[in-house]
Amino acid sequence: MDLSENPQDVEFRLEVRQFLATHMPAALRAKGFALQKPDKNDLVSWQRILFEKGWGAPAWSKEFGGTGWSVNQQLIFEEETFLNGGPRYVPQINMIGPVLQRFGTKAQQDRFLPRLIKLEDWWCQGYSEPGAGSDLTSLRTQARRDGDHYVVTGQKIWTSTAHWADWMFALVRTSNEGKAAAGISFLLIDMKSPGIRVNAIKGIDGAGTLAEVFLDEVRVPCENLVHEENQGWTVAKYLLGFERSGQAALGQCKFFLELLRMLANTPDGTGACMMQQQGFQQKFAEAEISVMAHEWTLLRMLSSTAAGPQFSMLKNCGALLQQQLSKLMLECSNTPTSGESKTKNGSQDIQLPDSAAIAKNYLDFRKVTIFAGTTEIQKNIIAKSLLGTPSN
Ligand SMILES: Cc1cc2nc3c(=O)[nH]c(=O)nc-3n(C[C@H](O)[C@H](O)[C@H](O)COP(=O)(O)OP(=O)(O)OC[C@H]3O[C@@H](n4cnc5c(N)ncnc54)[C@H](O)[C@@H]3O)c2cc1C
(Lines give C-alpha, C1' and ligand atoms only; values in the text may rest on other atoms or scores of the structure.)
Protein backbone atom coordinates (compact mmCIF):
# COMPACT_ATOMS: atom_id res chain seq x y z
CA MET A 1 0.00 0.00 0.00
CA ASP A 2 1.45 3.35 -1.03
CA LEU A 3 0.44 6.05 1.43
CA SER A 4 2.75 8.75 0.14
CA GLU A 5 1.18 12.10 -0.72
CA ASN A 6 0.24 12.76 -4.33
CA PRO A 7 1.68 15.88 -6.03
CA GLN A 8 -1.54 17.85 -5.47
CA ASP A 9 -1.40 17.14 -1.74
CA VAL A 10 2.27 18.12 -1.59
CA GLU A 11 1.41 21.40 -3.33
CA PHE A 12 -1.56 21.93 -1.00
CA ARG A 13 0.64 21.38 2.06
CA LEU A 14 3.06 24.04 0.84
CA GLU A 15 0.20 26.47 0.20
CA VAL A 16 -1.18 25.89 3.72
CA ARG A 17 2.28 26.27 5.26
CA GLN A 18 2.83 29.54 3.43
CA PHE A 19 -0.60 30.84 4.42
CA LEU A 20 -0.09 29.98 8.08
CA ALA A 21 3.34 31.59 8.14
CA THR A 22 1.94 34.86 6.82
CA HIS A 23 -1.58 34.98 8.28
CA MET A 24 -1.62 33.28 11.66
CA PRO A 25 -1.50 35.99 14.38
CA ALA A 26 1.77 35.77 16.33
CA ALA A 27 -0.12 35.94 19.64
CA LEU A 28 -2.22 32.91 18.72
CA ARG A 29 0.86 30.91 17.71
CA ALA A 30 2.59 31.93 20.93
CA LYS A 31 -0.36 30.74 23.03
CA GLY A 32 -0.29 27.37 21.27
CA PHE A 33 3.40 26.76 21.98
CA ALA A 34 2.97 28.03 25.54
CA LEU A 35 0.11 25.49 26.02
CA GLN A 36 -2.33 28.27 26.82
CA LYS A 37 -5.92 27.92 25.67
CA PRO A 38 -7.10 30.45 23.09
CA ASP A 39 -10.01 32.59 24.26
CA LYS A 40 -13.19 33.37 22.33
CA ASN A 41 -11.69 36.49 20.69
CA ASP A 42 -8.67 34.52 19.48
CA LEU A 43 -10.89 31.86 17.94
CA VAL A 44 -13.34 34.28 16.31
CA SER A 45 -10.53 36.39 14.83
CA TRP A 46 -8.78 33.29 13.45
CA GLN A 47 -12.03 31.94 12.00
CA ARG A 48 -12.64 35.26 10.18
CA ILE A 49 -9.14 35.06 8.66
CA LEU A 50 -9.88 31.53 7.45
CA PHE A 51 -13.27 32.62 6.14
CA GLU A 52 -11.71 35.47 4.13
CA LYS A 53 -9.38 32.93 2.53
CA GLY A 54 -12.35 30.68 1.67
CA TRP A 55 -11.21 28.09 4.21
CA GLY A 56 -13.96 28.67 6.78
CA ALA A 57 -15.60 25.24 6.78
CA PRO A 58 -13.71 22.12 5.68
CA ALA A 59 -16.57 19.63 6.18
CA TRP A 60 -19.31 21.70 4.50
CA SER A 61 -20.40 21.24 0.94
CA LYS A 62 -19.22 23.94 -1.48
CA GLU A 63 -22.80 25.10 -2.02
CA PHE A 64 -22.79 26.49 1.54
CA GLY A 65 -19.29 27.97 1.41
CA GLY A 66 -17.31 24.85 2.35
CA THR A 67 -13.79 24.25 1.09
CA GLY A 68 -14.50 21.11 -0.93
CA TRP A 69 -11.26 19.63 0.48
CA SER A 70 -10.64 15.91 0.33
CA VAL A 71 -10.22 14.10 3.65
CA ASN A 72 -6.45 14.06 3.05
CA GLN A 73 -6.45 17.82 2.55
CA GLN A 74 -8.44 18.30 5.75
CA LEU A 75 -5.83 16.24 7.60
CA ILE A 76 -2.97 18.20 6.03
CA PHE A 77 -4.57 21.49 7.06
CA GLU A 78 -5.13 20.27 10.60
CA GLU A 79 -1.59 18.95 10.95
CA GLU A 80 0.05 22.08 9.58
CA THR A 81 -2.12 24.32 11.77
CA PHE A 82 -1.23 22.39 14.91
CA LEU A 83 2.48 22.33 14.05
CA ASN A 84 2.27 26.13 13.81
CA GLY A 85 0.82 26.31 17.31
CA GLY A 86 -2.67 27.04 15.96
CA PRO A 87 -6.02 25.76 17.23
CA ARG A 88 -8.27 23.17 15.66
CA TYR A 89 -11.42 24.36 13.90
CA VAL A 90 -14.03 25.43 16.44
CA PRO A 91 -15.98 22.14 16.76
CA GLN A 92 -19.44 23.68 16.31
CA ILE A 93 -18.63 24.52 12.68
CA ASN A 94 -18.28 20.84 11.85
CA MET A 95 -21.17 19.81 14.11
CA ILE A 96 -24.24 22.02 13.70
CA GLY A 97 -23.08 23.14 10.21
CA PRO A 98 -23.42 19.74 8.48
CA VAL A 99 -26.61 19.04 10.47
CA LEU A 100 -28.36 22.16 9.18
CA GLN A 101 -27.20 21.39 5.66
CA ARG A 102 -28.63 17.86 5.85
CA PHE A 103 -31.76 18.35 7.99
CA GLY A 104 -32.41 22.10 8.28
CA THR A 105 -35.17 23.98 6.48
CA LYS A 106 -34.16 26.52 3.84
CA ALA A 107 -35.08 29.27 6.31
CA GLN A 108 -32.83 27.73 9.01
CA GLN A 109 -29.96 27.34 6.54
CA ASP A 110 -30.29 30.93 5.32
CA ARG A 111 -30.55 32.31 8.82
CA PHE A 112 -27.81 30.38 10.61
CA LEU A 113 -25.13 29.09 8.21
CA PRO A 114 -23.74 32.43 6.93
CA ARG A 115 -23.40 33.62 10.54
CA LEU A 116 -21.92 30.34 11.76
CA ILE A 117 -19.08 30.24 9.23
CA LYS A 118 -17.96 33.69 10.42
CA LEU A 119 -18.66 32.81 14.05
CA GLU A 120 -21.04 35.76 14.31
CA ASP A 121 -23.04 33.29 16.38
CA TRP A 122 -21.28 31.07 18.88
CA TRP A 123 -22.98 27.71 19.44
CA CYS A 124 -22.83 25.21 22.27
CA GLN A 125 -23.92 21.58 22.38
CA GLY A 126 -26.71 20.74 24.82
CA TYR A 127 -26.67 16.95 24.80
CA SER A 128 -25.41 15.67 28.19
CA GLU A 129 -27.47 15.88 31.37
CA PRO A 130 -26.92 14.71 34.91
CA GLY A 131 -27.63 10.97 34.53
CA ALA A 132 -27.55 11.08 30.72
CA GLY A 133 -24.01 11.05 29.33
CA SER A 134 -22.95 7.72 27.87
CA ASP A 135 -26.58 6.68 28.08
CA LEU A 136 -27.74 9.79 26.25
CA THR A 137 -31.20 8.55 25.30
CA SER A 138 -32.21 8.65 28.96
CA LEU A 139 -32.19 12.47 28.83
CA ARG A 140 -35.09 14.13 30.65
CA THR A 141 -35.20 17.79 29.60
CA GLN A 142 -38.83 18.20 28.57
CA ALA A 143 -40.23 20.25 25.68
CA ARG A 144 -44.00 20.65 25.78
CA ARG A 145 -45.89 22.09 22.84
CA ASP A 146 -47.78 25.32 23.52
CA GLY A 147 -49.24 26.84 20.34
CA ASP A 148 -46.41 27.74 18.02
CA HIS A 149 -43.77 27.32 20.74
CA TYR A 150 -42.08 24.55 22.70
CA VAL A 151 -41.72 25.22 26.40
CA VAL A 152 -38.45 23.67 27.59
CA THR A 153 -37.59 22.77 31.18
CA GLY A 154 -34.59 20.78 32.41
CA GLN A 155 -30.84 20.82 32.88
CA LYS A 156 -27.82 20.29 30.66
CA ILE A 157 -24.31 19.72 31.98
CA TRP A 158 -20.70 19.72 30.73
CA THR A 159 -21.84 22.17 28.06
CA SER A 160 -18.55 23.50 26.67
CA THR A 161 -18.42 27.31 26.31
CA ALA A 162 -22.14 27.73 27.09
CA HIS A 163 -21.32 31.06 28.74
CA TRP A 164 -19.89 32.31 25.42
CA ALA A 165 -22.80 31.02 23.39
CA ASP A 166 -25.51 32.85 21.47
CA TRP A 167 -27.24 29.59 20.56
CA MET A 168 -27.47 26.04 21.82
CA PHE A 169 -28.43 23.01 19.76
CA ALA A 170 -30.14 20.76 22.24
CA LEU A 171 -31.72 17.36 22.56
CA VAL A 172 -35.05 17.50 24.38
CA ARG A 173 -37.77 15.00 25.21
CA THR A 174 -41.03 15.64 23.36
CA SER A 175 -42.59 12.24 24.07
CA ASN A 176 -42.38 9.58 26.76
CA GLU A 177 -44.06 6.96 24.57
CA GLY A 178 -42.20 3.95 23.15
CA LYS A 179 -38.42 3.52 23.16
CA ALA A 180 -36.39 6.29 24.84
CA ALA A 181 -34.75 7.39 21.56
CA ALA A 182 -38.12 7.71 19.84
CA GLY A 183 -39.29 10.68 21.93
CA ILE A 184 -36.29 12.97 21.40
CA SER A 185 -36.33 16.17 19.33
CA PHE A 186 -33.53 18.49 18.19
CA LEU A 187 -34.09 22.18 19.01
CA LEU A 188 -32.15 25.38 18.36
CA ILE A 189 -32.38 27.52 21.48
CA ASP A 190 -31.53 31.22 21.69
CA MET A 191 -29.32 31.54 24.78
CA LYS A 192 -30.74 35.02 25.46
CA SER A 193 -34.22 33.56 26.02
CA PRO A 194 -35.80 34.27 29.41
CA GLY A 195 -35.51 31.25 31.75
CA ILE A 196 -31.93 30.25 30.85
CA ARG A 197 -29.25 30.29 33.54
CA VAL A 198 -25.63 29.31 32.88
CA ASN A 199 -23.15 28.39 35.62
CA ALA A 200 -19.49 27.98 34.69
CA ILE A 201 -17.82 24.80 36.00
CA LYS A 202 -14.14 24.98 36.83
CA GLY A 203 -12.21 22.17 35.17
CA ILE A 204 -9.45 20.10 36.79
CA ASP A 205 -6.94 22.44 35.12
CA GLY A 206 -8.57 25.51 36.70
CA ALA A 207 -10.03 26.74 33.40
CA GLY A 208 -13.71 27.60 33.19
CA THR A 209 -14.72 26.47 29.70
CA LEU A 210 -17.35 23.99 30.91
CA ALA A 211 -20.79 24.96 32.18
CA GLU A 212 -24.14 23.72 33.33
CA VAL A 213 -27.27 25.17 31.76
CA PHE A 214 -30.62 25.39 33.55
CA LEU A 215 -33.76 25.84 31.47
CA ASP A 216 -36.92 26.96 33.21
CA GLU A 217 -40.03 27.23 31.00
CA VAL A 218 -37.95 28.53 28.09
CA ARG A 219 -40.11 29.37 25.06
CA VAL A 220 -38.63 28.19 21.77
CA PRO A 221 -40.44 28.93 18.49
CA CYS A 222 -41.47 25.73 16.64
CA GLU A 223 -39.61 27.02 13.58
CA ASN A 224 -36.42 26.18 15.55
CA LEU A 225 -37.17 22.44 15.46
CA VAL A 226 -34.67 20.65 13.20
CA HIS A 227 -36.09 17.71 11.22
CA GLU A 228 -39.30 16.24 12.60
CA GLU A 229 -40.66 16.13 16.13
CA ASN A 230 -39.54 12.92 17.88
CA GLN A 231 -36.96 12.27 15.14
CA GLY A 232 -34.14 14.12 16.92
CA TRP A 233 -32.12 10.98 17.62
CA THR A 234 -31.48 10.57 13.89
CA VAL A 235 -30.12 14.12 13.81
CA ALA A 236 -28.13 13.59 17.01
CA LYS A 237 -26.40 10.49 15.62
CA TYR A 238 -25.59 12.26 12.35
CA LEU A 239 -23.94 15.06 14.30
CA LEU A 240 -22.03 12.63 16.55
CA GLY A 241 -20.54 11.06 13.41
CA PHE A 242 -18.95 14.41 12.58
CA GLU A 243 -17.89 14.95 16.19
CA ARG A 244 -16.19 11.56 16.42
CA SER A 245 -14.58 11.59 12.99
CA GLY A 246 -12.22 14.35 14.17
CA GLN A 247 -11.20 12.50 17.28
CA ALA A 248 -8.18 10.66 15.88
CA ALA A 249 -6.43 13.91 16.88
CA LEU A 250 -3.40 13.17 14.72
CA GLY A 251 -2.48 16.85 14.37
CA GLN A 252 -2.65 17.34 18.14
CA CYS A 253 -0.48 14.22 18.70
CA LYS A 254 2.13 15.42 16.21
CA PHE A 255 2.20 18.86 17.82
CA PHE A 256 2.66 17.38 21.30
CA LEU A 257 5.45 15.16 19.98
CA GLU A 258 7.28 18.15 18.48
CA LEU A 259 6.80 20.21 21.61
CA LEU A 260 8.08 17.30 23.67
CA ARG A 261 11.13 17.06 21.40
CA MET A 262 11.84 20.77 21.94
CA LEU A 263 11.38 20.52 25.71
CA ALA A 264 13.52 17.41 26.00
CA ASN A 265 16.34 18.99 24.01
CA THR A 266 16.37 22.19 26.07
CA PRO A 267 19.34 22.28 28.45
CA ASP A 268 18.78 22.93 32.14
CA GLY A 269 21.03 25.17 34.27
CA THR A 270 23.81 22.57 34.19
CA GLY A 271 23.74 22.20 30.42
CA ALA A 272 22.13 18.74 30.56
CA CYS A 273 18.83 17.87 28.91
CA MET A 274 16.24 15.12 29.27
CA MET A 275 16.97 13.73 25.82
CA GLN A 276 20.44 12.73 27.02
CA GLN A 277 18.93 10.30 29.52
CA GLN A 278 18.70 6.84 28.07
CA GLY A 279 15.47 6.00 29.88
CA PHE A 280 13.79 9.10 28.50
CA GLN A 281 15.17 8.53 25.01
CA GLN A 282 13.48 5.16 24.99
CA LYS A 283 10.14 6.60 26.11
CA PHE A 284 10.41 9.30 23.46
CA ALA A 285 11.19 6.74 20.76
CA GLU A 286 8.20 4.63 21.82
CA ALA A 287 5.93 7.67 21.66
CA GLU A 288 7.29 8.67 18.26
CA ILE A 289 6.72 5.19 16.88
CA SER A 290 3.18 5.17 18.32
CA VAL A 291 2.38 8.48 16.60
CA MET A 292 3.70 7.11 13.30
CA ALA A 293 1.67 3.93 13.72
CA HIS A 294 -1.43 6.01 14.53
CA GLU A 295 -0.92 8.02 11.35
CA TRP A 296 -0.56 4.90 9.24
CA THR A 297 -3.64 3.33 10.82
CA LEU A 298 -5.63 6.48 10.10
CA LEU A 299 -4.46 6.66 6.47
CA ARG A 300 -5.05 2.92 5.99
CA MET A 301 -8.58 3.24 7.34
CA LEU A 302 -9.30 6.28 5.21
CA SER A 303 -8.12 4.49 2.08
CA SER A 304 -10.25 1.40 2.75
CA THR A 305 -13.97 1.03 2.23
CA ALA A 306 -14.33 -1.72 4.84
CA ALA A 307 -16.98 -0.86 7.41
CA GLY A 308 -16.14 -1.36 11.07
CA PRO A 309 -15.53 0.36 14.34
CA GLN A 310 -12.80 2.58 12.85
CA PHE A 311 -13.80 5.81 14.57
CA SER A 312 -13.83 4.09 17.94
CA MET A 313 -10.38 2.56 17.42
CA LEU A 314 -8.92 5.83 16.20
CA LYS A 315 -10.56 7.81 19.00
CA ASN A 316 -9.17 5.52 21.70
CA CYS A 317 -5.73 5.38 20.16
CA GLY A 318 -5.53 9.17 19.67
CA ALA A 319 -6.80 9.83 23.20
CA LEU A 320 -4.27 7.52 24.85
CA LEU A 321 -1.45 9.01 22.79
CA GLN A 322 -2.37 12.57 23.74
CA GLN A 323 -2.34 11.53 27.39
CA GLN A 324 0.97 9.67 27.03
CA LEU A 325 2.61 12.69 25.41
CA SER A 326 1.19 15.17 27.92
CA LYS A 327 2.62 12.94 30.67
CA LEU A 328 6.06 12.86 29.06
CA MET A 329 6.01 16.66 28.84
CA LEU A 330 5.41 16.65 32.58
CA GLU A 331 8.66 14.71 33.01
CA CYS A 332 10.45 17.53 31.18
CA SER A 333 8.86 20.32 33.18
CA ASN A 334 11.14 20.36 36.20
CA THR A 335 14.24 21.75 34.59
CA PRO A 336 15.22 25.07 36.22
CA THR A 337 15.01 26.88 32.88
CA SER A 338 11.57 25.65 31.81
CA GLY A 339 9.35 28.66 31.17
CA GLU A 340 12.28 30.86 30.29
CA SER A 341 13.39 28.65 27.45
CA LYS A 342 13.27 29.77 23.88
CA THR A 343 13.79 27.60 20.88
CA LYS A 344 13.32 27.76 17.12
CA ASN A 345 10.44 26.43 15.05
CA GLY A 346 11.74 26.89 11.53
CA SER A 347 12.74 30.54 11.45
CA GLN A 348 10.46 31.54 14.33
CA ASP A 349 11.46 32.02 17.95
CA ILE A 350 9.30 29.96 20.25
CA GLN A 351 8.75 30.50 23.96
CA LEU A 352 8.33 27.07 25.53
CA PRO A 353 5.62 26.43 28.14
CA ASP A 354 6.45 26.80 31.81
CA SER A 355 5.97 23.95 34.27
CA ALA A 356 2.59 25.27 35.49
CA ALA A 357 1.24 25.30 31.91
CA ILE A 358 2.58 21.78 31.29
CA ALA A 359 0.92 20.54 34.48
CA LYS A 360 -2.41 22.18 33.57
CA ASN A 361 -2.20 20.71 30.11
CA TYR A 362 -1.57 17.26 31.57
CA LEU A 363 -4.64 17.62 33.78
CA ASP A 364 -6.77 19.09 30.98
CA PHE A 365 -6.04 16.16 28.69
CA ARG A 366 -7.69 13.72 31.09
CA LYS A 367 -10.82 14.88 29.23
CA VAL A 368 -10.01 13.15 25.96
CA THR A 369 -10.89 9.70 27.29
CA ILE A 370 -14.27 11.06 28.43
CA PHE A 371 -15.77 13.36 25.81
CA ALA A 372 -17.18 12.30 22.44
CA GLY A 373 -17.81 8.84 23.93
CA THR A 374 -15.69 7.47 26.79
CA THR A 375 -12.94 4.91 26.23
CA GLU A 376 -15.09 2.18 27.74
CA ILE A 377 -18.01 3.01 25.43
CA GLN A 378 -15.67 2.92 22.40
CA LYS A 379 -14.37 -0.45 23.57
CA ASN A 380 -17.95 -1.73 23.80
CA ILE A 381 -18.53 -0.60 20.20
CA ILE A 382 -15.34 -2.32 19.05
CA ALA A 383 -16.19 -5.51 20.94
CA LYS A 384 -19.74 -5.64 19.60
CA SER A 385 -18.45 -5.19 16.07
CA LEU A 386 -15.65 -7.75 16.33
CA LEU A 387 -17.51 -10.33 18.40
CA GLY A 388 -20.68 -9.97 16.38
CA THR A 389 -22.87 -9.13 19.37
CA PRO A 390 -25.95 -7.28 18.14
CA SER A 391 -25.77 -3.58 19.06
CA ASN A 392 -28.67 -2.10 21.01
C1 LIG B 1 -14.10 18.45 28.53
C2 LIG B 1 -15.48 17.95 28.26
C3 LIG B 1 -16.29 18.67 27.41
C4 LIG B 1 -17.60 18.24 27.18
N5 LIG B 1 -18.41 19.01 26.38
C6 LIG B 1 -19.69 18.66 26.21
C7 LIG B 1 -20.57 19.50 25.46
O8 LIG B 1 -20.17 20.54 24.94
N9 LIG B 1 -21.86 19.12 25.34
C10 LIG B 1 -22.34 17.97 25.90
O11 LIG B 1 -23.52 17.69 25.72
N12 LIG B 1 -21.54 17.17 26.64
C13 LIG B 1 -20.23 17.48 26.81
N14 LIG B 1 -19.40 16.69 27.57
C15 LIG B 1 -19.98 15.54 28.27
C16 LIG B 1 -19.55 14.20 27.73
O17 LIG B 1 -20.20 13.92 26.52
C18 LIG B 1 -19.88 13.16 28.81
O19 LIG B 1 -19.04 13.44 29.91
C20 LIG B 1 -19.63 11.75 28.34
O21 LIG B 1 -20.59 11.38 27.39
C22 LIG B 1 -19.68 10.75 29.50
O23 LIG B 1 -20.88 10.89 30.21
P24 LIG B 1 -20.90 11.09 31.80
O25 LIG B 1 -19.91 12.15 32.15
O26 LIG B 1 -22.30 11.26 32.21
O27 LIG B 1 -20.31 9.73 32.38
P28 LIG B 1 -21.10 8.35 32.53
O29 LIG B 1 -21.80 8.03 31.27
O30 LIG B 1 -21.90 8.40 33.78
O31 LIG B 1 -19.89 7.35 32.71
C32 LIG B 1 -19.18 7.22 33.96
C33 LIG B 1 -18.18 6.08 33.80
O34 LIG B 1 -18.89 4.84 33.54
C35 LIG B 1 -18.42 4.26 32.33
N36 LIG B 1 -19.56 3.64 31.63
C37 LIG B 1 -20.77 4.19 31.38
N38 LIG B 1 -21.55 3.33 30.69
C39 LIG B 1 -20.81 2.23 30.46
C40 LIG B 1 -21.04 0.99 29.78
N41 LIG B 1 -22.20 0.74 29.18
N42 LIG B 1 -20.04 0.08 29.74
C43 LIG B 1 -18.83 0.32 30.34
N44 LIG B 1 -18.56 1.47 31.02
C45 LIG B 1 -19.52 2.41 31.07
C46 LIG B 1 -17.86 5.40 31.52
O47 LIG B 1 -16.89 4.93 30.59
C48 LIG B 1 -17.24 6.27 32.60
O49 LIG B 1 -15.96 5.79 32.95
C50 LIG B 1 -18.08 17.07 27.79
C51 LIG B 1 -17.25 16.34 28.64
C52 LIG B 1 -15.96 16.76 28.87
C53 LIG B 1 -15.08 15.96 29.78
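The values are calculated or read from the model by the stated rules, or taken from the named source; none is laboratory data. As the structure is a computational prediction, the values presented were derived from the model and not from experiment. FYI the Cβ positions are ideal-geometry reconstructions off the backbone, even for glycines, and counts take in every protein chain you see. Just so you know, the surface numbers come from the protein's heavy atoms only, side chains and all, with ligands and any DNA or RNA stripped out. Shrake-Rupley method; radii C 1.70, N 1.55, O 1.52, S 1.80 Å.
Here are the numbers for this structure:
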| item | result |
| --- | --- |
| Listed peptides 137-148, 177-188 by packing density, highest first (mean Cβ within 10 Å) | 177-188, 137-148 |
| Rotationally averaged projected area of segment 109-162 (alpha carbon convex hull; nm²) | 5.2 |
| Simple label model, 7 Å out from Cα along Cβ direction - Thr270 to Leu330, nm | 2.4 |
| Column: log10 I(q)/I(0), Debye, Cα scatterers of segment 7-89, q = 0.27 Å⁻¹ | -1.45 |
| Distant-in-sequence amide H partners of Ile350 (H built 1.01 Å from N, under 5 Å) | Thr343, Lys344, Asn345 |
| Lys, Arg +1 and Asp, Glu -1 on Cβ, resulting dipole of the chain about Cα centre, debye, nearest 20 | 380 |
| Cross-link partners of Lys192 among lysines (Cα-Cα below 30 Å; sequence separation of 8 or more within a chain) | Lys37, Lys40, Lys106, Lys118, Lys156, Lys202, Lys237, Lys367 |
| Value of D in µm² per second that Stokes-Einstein yields for the chain, Kirkwood Rh from Cα pairs, at 25 °C (0.890 mPa s) | 109 |
| For segment 137-180 versus segment 19-49, the gap between their alpha-carbon centres in whole angstrom | 33 |
| FRET efficiency, Asp166 to Arg48 (Cβ-Cβ, R0 25 Å, nearest 0.05) | 0.95 |
| Accessible surface of the chain, 1.4 Å probe, proportion on carbon and sulfur as whole % | 53 |
| At 0.692 mPa s and 37 °C, Stokes diffusion of segment 123-241 via Kirkwood alpha-carbon radius, µm² per second | 232 |
